[in-house]
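Trainee: Below is one structure. I have some questions about it.
Where a number appears in this text, it was derived from the coordinates with a stated rule and is not lab data. All figures in this text were calculated on a predicted structure; none of them were measured in a lab. A quick note on method: Cβ atoms are made from the backbone with ideal geometry, for glycine too, and the neighbour counts reach across all protein chains shown.
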Amino acid sequence: MIRIGLIGNPNSGKTTIFNALTGTQQDVGNWPGVTVAKKEGRIGKDILITDLPGIYSLSPYSKEEVITRDYLLSHQVDVIINLVDATNLERNLYLTTQVLEMSIPTIVALNMMDEVAKRQIKIDVKRLAQLLHCPVVPISAKKNQGLKDLINQAVLLAKEKNVSQLVIYPLELAFTLDKIKSETKSSLFTAVKLFEGDQSFNEQGKKVKEIIASYLAKQQDDGESIIANERYRFSEQVVSQVLIKKPQQTKSLSAKIDSVLTHKIWALPIFALIMFIIYYTAITVVGNNVSGLMEQLLTALKTWVSQRLTAINSPLWLIDLFTNGIIGGVGSVLSFLPQLFVLFLLLTILEDSGYMARVAFIMDRMFRRFGLSGKSFIPLLLGTGCSVPAIMSTRTISNESERKMTVMLVPFIPCSAKLPVFALFVGTFFHPLVSTSLYFIGIAVVLCGGLLLKKIPSFKGDTSPFILELVDYHLPNLKSLFLQVWERTKSFLIKAGTIIFLASIVIWFLSSYTWSLQMVIDPASSMLAAIGRLLAWIFVPLGFGNWQSTVALLAGMIAKENIVSTFGIVLNSSESLPALMAAIAKLFSHSQAAAFSFMVFVLLAAPCVAAIATSKKELGSWKLTLASVLMQTGSAYLISLAIYQLASWWIKSDAFKIGVVITILVLMVVWTVVFLWRNRKKAPCLACHHSDCERCFLKKK
């Protein structure tokens, strides 16, 4: 088995080439001890390829860099494929110089050569290979060009075990590093790390310390700066020798597009318009034209199953379980599969084209005003798919308080599990524009939540700097696009076939039997109705104080898709989507205020149990996790309360309800508490009489 490590800068095309090489033969997990994704795939039976996290260097400044460096140093790889963005050659070569020092067979893959040609740039590949002392293969991962040659050369290199003998340092420094190598009997990479003073390589003997100290005394500089300067110097020299670039007379196409899409005034309105088009296309256009076909398929399946079970004289409870419980419950969710597929497709196109990176850049300035940074936007973006990987992705945020804030705020973003609920209610009560408003309500609550959390001492501190590479716009690779959309769709189907399947059986049982285990036709007499009535009073001020909505929300704690399947079962309306929509409209008394209040509560309330468990793992304590759940559910309740009561008053202005008064009073109390917390004064210091003294510790007791 030949083991290949795929390494490169972020946005260098690693995911595209990994998908192109491995296809669907992939395993996705986590690196030991951390929640950074680990992707492995096979090429045939004899080649295992590992997609290492995207990094800019092998210095231990982030989790990704530590993981990649430790993996390479553990000798778990036979050959390294260093993916280099040919359009940004000089910057990418910084990492290449580090990789080539690790004494592991390495091949450089010059990616995006098609873009290089478009820009009228020429790269002398042979000369580059000579300067790097390793094979260099020009490729285009997007167009599947050169990949076969790349793998063949990588396999040959792994068998021959040829290691690059590149030395980029001037004579005196190279001689110093060679003495460190001889003294420690290690690789050049280890010698360089010892010279830099890397804390992970602290096994320095007295002789090694003397060698390093002697050289640094002459240079009057620190080791890390000296090495970094030499890497940049070498990269500049290489680029000057291998790259021939014709001067551009006009701005590139990406620059022209950016002048509009990242405009300081029009950027956010354009983003809002794009999100509206995406949700309108997924929920309305596709919903109106494809959902009917899904209903016909599910109805045909239900009829076929009923006929087959009746033919073998199955008991009525078994027929009802399969038709109304399993097919009705799971089918209510699966009827929204086309909308989800289109949503995944359109969002993935935006991500792969390079637009979402611009949105993160646009959002950075706004987020900073609310205690976050553009780094938090990436997890929030992932949250539109699923909160679990979005929460896990916060590991890339180096600022601990900012990371924990993002973990607590990610669930406010509408994930794909909530889309069936929104599609059902928007289709029943509202214009499609309302579906987009939920996305921006989520972002608004994230920003307000960040502002409030930042006032708590444990979350105080400066926001971390946000550095993001804006790659040129490009059309996504079709194969890579399909694989990413399939992974998201498959995750939804697996959940439908496991969690929602089991939940539908439980909901059917509770809605079909009384406490004495007598089967009932009307769910209103069931155990489930009794449980719902016990808690329904809590939601009366929010406009949906009926037992059906209450049990649907309880089922949604396991998985948000269960809300739709529960409605389908308890309303006896799982035979078709129009029947379910009619039953929902009747249940909510055709009240748009109550329906919108319900959607906002589903949007903002605590996420599913899987997301809560992931939050606990990332936050590190149940206390903070419980506080997060209470914050989310409390925010959902208060905002839904305000929406329903104020909307009801506005619609029926002649009846100034006591609920409106209570709502205003509650909001005033919450605001007062926040204001007092924000402006609270510390006890003055007895020594200097200043309330925020940092030097004196004699506080008034």
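Trainee: State the number of lysine pairs found in the range 2-160 whose Cα atoms come within less than 16 Å, restricting to pairs 8 or more positions apart or on distinct chains.
Mentor: 10
Trainee: Helix 478-497: angle to the longest alpha-carbon principal axis of the chain, degrees 0 to 90, nearest 10?
Mentor: That works out to roughly 40 degrees.
Trainee: If you don't mind, another one. At R0 = 45 Å, how high is the FRET efficiency between Leu451 and Ala213 if r is their beta carbon distance? Nearest 0.05 is fine.
Mentor: Approximately 0.35, to the nearest 0.05.
Trainee: Please find the FRET efficiency linking Met557 to Ala272, where r is the Cβ-Cβ separation and R0 is fixed at 35 Å, and quote it to the nearest 0.05.
Mentor: 0.65
Trainee: Taking the alpha-carbon distance from Lys206 and a cut-off under 13 Å, which aspartates and glutamates remain once sequence neighbours fewer than 8 residues away in the same chain are dropped?
Mentor: Glu183
Trainee: Can you tell me which of 564-571, 586-593 comes out highest on packing, and rank the rest after it, using the mean Cβ neighbours within 10 Å? Spell out each step's value before the answer.
Mentor: Working: 564-571: 28.1, 586-593: 16.6.
In descending order of packing, they fall as 564-571, 586-593.
Trainee: Beta carbons within 10 angstrom, averaged per residue: use that to sort the peptides 365-373, 2-10, highest first.
Mentor: The peptides rank, most packed first, as 2-10, 365-373.
Trainee: Could you give the length gained by full extension between Ile521 and Lys122, i.e. 0.36 nm per residue of separation minus their alpha carbon distance, to one decimal place?
Mentor: Taking Ile521 through Lys122 to full extension adds about 136.0 nm, to one decimal.
Trainee: In the chain, what percentage of the DSSP-assigned beta bridges are antiparallel, given to the nearest 5?
Mentor: Among the beta bridges of the chain, antiparallel pairing accounts for roughly 45 percent.
Trainee: Starting from the Cα gyration tensor of the range 515-656, take the square roots of the eigenvalues, sort them a ≥ b ≥ c, and report rounded, prolate or oblate (rounded when a/c is under 1.5, otherwise prolate if a/b is larger than b/c, else oblate).
Mentor: Since a/c reaches 1.5 but b/c is at least a/b, the shape of the range 515-656 is classed as oblate.
Trainee: Next question, about the same structure. Classify the range 2-160 as rounded, prolate or oblate, taking a ≥ b ≥ c as the square roots of the eigenvalues of its Cα gyration tensor: rounded when a/c is under 1.5, otherwise prolate if a/b is larger than b/c and oblate if not.
Mentor: rounded
Trainee: Moving on to the next point. State, as an integer percentage, the relative contact order of the range 171-245 based on alpha-carbon contacts under 8 Å between residues 6 or more apart.
Mentor: In percent, rounded to a whole number, it is 27.
Trainee: Rounded to the nearest 5, what % of DSSP beta bridges with both residues in the range 2-160 are antiparallel?
Mentor: Antiparallel bridges: around 35 percent, rounded to the nearest 5.
Trainee: Angle, helix 63-73 long axis vs. longest principal axis of the chain, Cα atoms, 0 to 90°, nearest 10?
Mentor: Long axis of 63-73 versus the principal axis of the chain: about 50 degrees.
Trainee: If we sort 473-480, 87-94 on the protection proxy, mean other Cβ atoms within 10 Å, highest first, what's the order? Working shown, then result.
Mentor: Details: 473-480: 16.1, 87-94: 18.8.
Highest-to-lowest ranking by the protection proxy: 87-94, 473-480.
Trainee: For Ser103 and Leu156 in one chain, what is 0.36 nm times their gap in residues minus the Cα-Cα distance, to one decimal in nm?
Mentor: 17.4 nm
Trainee: If you average the alpha carbon positions of the range 566-635 and of the range 108-187, how far apart do those two centres end up, in angstrom?
Mentor: 53
Trainee: Sticking with this one: I'd like the orientation of helix 171-184 relative to the chain: the angle between its Cα long axis and the longest Cα principal axis, in ° from 0 to 90, rounded to 10.
Mentor: 70
Trainee: What does the charge count around Asp222 come to, taking other residues whose C-beta lies under 14 Å from its C-beta (Lys +1, Arg +1, Asp -1, Glu -1)?
Mentor: For residues surrounding Asp222, the net value is -3.
Trainee: If the only charges are +1 at each Lys and Arg Cβ and -1 at each Asp and Glu Cβ, what is the size of the charge dipole of the range 2-160 around the Cα centre, to the nearest 20 debye? Present the calculation step by step, with values, prior to reporting the outcome.
Mentor: Values: 18 positive and 16 negative charges, 76 e Å.
Using Cβ point charges on Lys, Arg, Asp and Glu, the range 2-160 gives about 360 debye.
Trainee: Ok, one more. Assuming R0 = 45 Å, what is the FRET efficiency of Val290 and Glu400, from their Cβ-Cβ distance, to the nearest 0.05?
Mentor: Working: r = 45 Å, r/R0 = 1.01.
For R0 = 45 Å, the calculated efficiency reads 0.50.
Trainee: Just want the ordering: Phe601, Phe509, from fewest to most Cβ atoms lying within 10 Å of their own Cβ.
Mentor: Phe509, Phe601
Trainee: Within 10 Å of each residue's Cβ, count the other Cβ atoms and sort Leu346, Leu273 from fewest upward. Don't jump to the answer; show the numbers that get you there.
Mentor: On the way: Leu346 18, Leu273 12.
By the 10 Å Cβ count, ascending, the order reads Leu273, Leu346.
Trainee: May I pose another question? If you plug each phi of the range 262-271 into the Karplus form 6.51 cos²θ - 1.76 cosθ + 1.60 with θ = phi - 60°, what whole-Hz ³J(HN,Hα) values come out, in order, with x for Gly and Pro?
Mentor: Once rounded to whole Hz, the list reads 10, 4, 5, 9, 8, 4, 5, x, 5, 4.
Trainee: Now a separate question. Looking only at the range 537-564, which residues have a backbone nitrogen under 13 Å from a spot 7 Å from the Cα of Val609 in the C-beta direction?
Mentor: 554-560
Trainee: Subtracting the Cα-Cα distance from 0.36 nm times the residue separation, let me have the gained length for Gln145 to Lys264 in nm, one decimal.
Mentor: On the way: separation 119, 0.36 × 119 = 42.84 nm, distance 3.83 nm.
So the chain would gain 39.0 nm between Gln145 and Lys264.
Trainee: Based only on other Cβ atoms within 10 Å, what is the fewest-to-most ordering of Cys608, Cys448? Spell out each step's value before the answer.
Mentor: Numbers: Cys608 24, Cys448 16.
Listed from fewest to most nearby Cβ atoms, that is Cys448, Cys608.
Trainee: Okay, moving on. How much net charge surrounds Ile391 when only other residues with a Cβ under 11 Å from its Cβ are counted (Lys, Arg +1; Asp, Glu -1)?
Mentor: Counting the neighbours of Ile391, the net charge comes to +4.
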